[in-house]
Amino acid sequence: MQRKFCSACGGALAPATERHRSQKCKSCGAEHFRNSKPCAGALVVRNGRVLLVRRAIEPFKGHWDTPGGFLHENEHPEVGARREILEETGLHVRLVGLFGIYMDCYGGDDADEWTLNIYYIAEPLDDAEPRAADDASEIGWFAPDALPATMAFKHERQVLDDWRARLRQS
Ligand SMILES: [Zn+2]
């Protein structure tokens, strides 16, 4: 995303170009890098079904979503993924392994805010039933052949397709 003002001095920023991908402050010269924002989440699987949450907030309010979210400053993605899942579902989970990393744009194609989404495979630590909370309004367990037709974020369709493909291979 193109930013207008320098966070160090409030001066105007030169726009980024294909050649100069960072934005330089015209007043103090500070360079502002434009990086993707890191997010972490997991495919929580129990009895062959994956846990999805219905979004209670914009963007994509009302759409199914994988539990996860933006990492805090200095937060390891493993810690962030477990925290987000606990906040949204009340479930304590164990991360079984890294699933993959997916790029996306927060808020859709026009938003121009890139996200780097780190996915784990996880399983609940106990038999507790999840409860929707925080950014989630509903919870569902979905079999690989009965996944929602549409997902909140574009990359999540790919995540679920990859999950299905791996199940077929194993
Ligand atoms: Zn400046």
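The values are calculated or read from the model by the stated rules, or taken from the named source; none is laboratory data. Values in this document were obtained by computation on a predicted structure and should not be read as measured data. So basically every Cβ, Gly included, is an ideal-geometry build from the backbone, and we count neighbours across all protein chains shown.
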Would you mind stating whether Glu156 is in a helix (DSSP H, G or I) and either surrounded by 16 or more Cβ atoms within 10 Å (Cβ to Cβ) or of a type outside the set (Gly, Ala, Ser) (or both)?
yes
Quick check: anything in the stretch 23-46 surrounded by fewer than 11 Cβ atoms within 10 Å (Cβ to Cβ), among the hydroxyl-bearing types (Ser, Thr, Tyr) and either over 30 Å from Pro130 (Cβ atoms) or not assigned by TED's automatic domain parsing to the domain that holds Ala136 (or both)?
no
Residues satisfying the stated conditions in the stretch 18-35, i.e. more than 17 Å from Trp114 (Cβ to Cβ) and either more than 11 Å from the ligand (Cβ to nearest atom) or charged (D, E, K, R) (or both):
Arg19, His20, Lys24, Lys26, Glu31
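Could you tell me whether Glu123 is closer than 15 Å to Gly41 by Cα, surrounded by fewer than 19 Cβ atoms within 10 Å (Cβ to Cβ) and outside the structural domain of Arg21 (by TED's automatic domain parsing)? Spell out the reasoning first.
Numbers: closer than 15 Å to Gly41 by Cα: yes; surrounded by fewer than 19 Cβ atoms within 10 Å (Cβ to Cβ): yes; outside the structural domain of Arg21 (by TED's automatic domain parsing): yes.
The answer is yes for Glu123.
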